[in-house]
Amino acid sequence: MKRLRVPGGEMAWWEEGTGTPVVLVHGTPSSSQEWRTVAQQLTPSYRVLAPDHLGFGQSDRPGDWRTYTLPWHVENLRSWFEQMQLGRFHLVVHDFGGPIALPLAIAAPERVISLTVIQSWLWDLKAPNIDNALMRWLYLAGNFSARVMVKLSWGRRGKLTRELHRSFISQFPDRASRMGTWGFARSASHEGPWMDAQGQSLGRLADIPFLLVWGMADRLVKPEHLRRWQQVRPGANLCKFDGVGHFPQLEVPEYLGTALFDYLTSVDQVDALLASRATQNP
């Protein structure tokens, strides 16, 4: 893992392969490690980069849950991108990775070659307000996100084995390590207006090739959000997985890796053709 300093602390990331950059942005309650198997199918042709949000993985974990707002995460990821100087890149977002990375794509759409959205959103989820002492205790003392929410969101096609579930739980071994998961849980109910405001500018991404990947058995980010994306981006490429829940990158990683590789290479072929024509006809 590599590290660099962003406004909120030190952010960790891993990267493998060479070629056009592909940035994989995770959600909760997880880390960049969830992309490892998918990346194996990309790295022969691409430079794959996967950062850990602050509060997750091997990045710093500030100790005050009030710190963990979505605009704060956005600014940290913005700093990472600026320091990495990737040029143009493919962007893949999952879960809260969307509300964090999509505002950056909206701000600089010319840098994004393609966009892949997996079980994510950029609007008010209309989630119930869970900001109370009991839920805070469940998240911080009981590791509720990893212990309960993962099981609730998992599909039927790929089994959530005891070992795999333990890999989620072990990422958050104590109260101090769980501030980020509680921060995201609060964001779902407290920061809806902010997400709605960001989503008003999704039209700026209209010219970017767009792939929707959806596990149709997700009981948390349900297919109704897929339908909303299809309204926002009619005609977008679609990859649906029946029986798969919230984590296609872990439930069916080989299938997702193949679909993503095929999509990225097709986009790159069209991109290269358009660039060639532009050079011939300045």
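Quick note: the coordinates plus some simple rules give every number you see, no bench work behind them. Since this is a predicted model, take the numbers as computed values, not measurements. So basically every Cβ, Gly included, is an ideal-geometry build from the backbone, and we count neighbours across all protein chains shown.
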Self-check item: Ranked list, fewest to most other Cβ atoms within 10 Å of each Cβ, for M1, M84
Solution: M1, M84
Quiz item: Among rounded, prolate and oblate, which fits the range 117-199 when a ≥ b ≥ c are the square roots of the eigenvalues of its C-alpha gyration tensor, a/c under 1.5 means rounded, and a/b larger than b/c means prolate?
Solution: oblate
Quiz item: What fraction of the Cα pairs in the range 59-133, stated in percent, has a spacing above 21 angstrom?
Solution: 34
Quiz item: Please state the Cα pair-distance histogram of the range 167-282 with 10 angstrom bins from zero: what percent is in each bin?
Solution: 10, 27, 35, 20, 6, 2, 0
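With a cut-off of 8 Å between alpha carbons and a minimum separation of six or more residues, what is the relative contact order of the chain in percent? Mind showing how you got there, number by number?
On the way: 530 pairs, mean separation 59.5, N = 282.
Normalised by residue count, the contact order of the chain is 21 percent.
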Self-check item: Coordinate range along principal axes, alpha carbons of the chain, Å, largest first
Solution: 64, 40, 35
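Please give me the summed charge of the neighbours of D196: other residues whose Cβ is under 14 Å from its Cβ, Lys and Arg +1, Asp and Glu -1.
Details: positive: K126, R228; negative: D124, E191.
Once positives and negatives cancel, what remains is 0.
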Quiz item: What ³J(HN,Hα) values, in whole Hz, does the Karplus curve 6.51 cos²θ - 1.76 cosθ + 1.60 give for the range 169-178 when θ = phi - 60°, with x put for Gly and Pro?
Solution: 4, 5, 6, 10, x, 8, 4, 5, 7, 9
Quiz item: What FRET efficiency do you get for D174 and E110 if R0 is 25 Å and r is their Cβ-Cβ distance, rounded to the nearest 0.05?
Solution: 0.05
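Would you mind classifying the range 204-256 by shape? Square roots of the alpha carbon gyration tensor eigenvalues, ordered a ≥ b ≥ c; an a/c under 1.5 is rounded, otherwise it is prolate if a/b is larger than b/c and oblate if not.
On the way: a/c = 2.64, a/b = 1.57, b/c = 1.68.
Judged from the Cα gyration tensor, the range 204-256 comes out oblate (a/c at least 1.5, b/c at or above a/b).
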Quiz item: Using the Cα gyration tensor of the range 1-117, with a ≥ b ≥ c the square roots of its eigenvalues, what is the shape: rounded (a/c below 1.5), prolate (a/b larger than b/c) or oblate (neither)?
Solution: prolate
Quiz prompt | Charge context of I208, other residues only, Cβ under 13 angstrom, K/R +1, D/E -1 | solution = +1
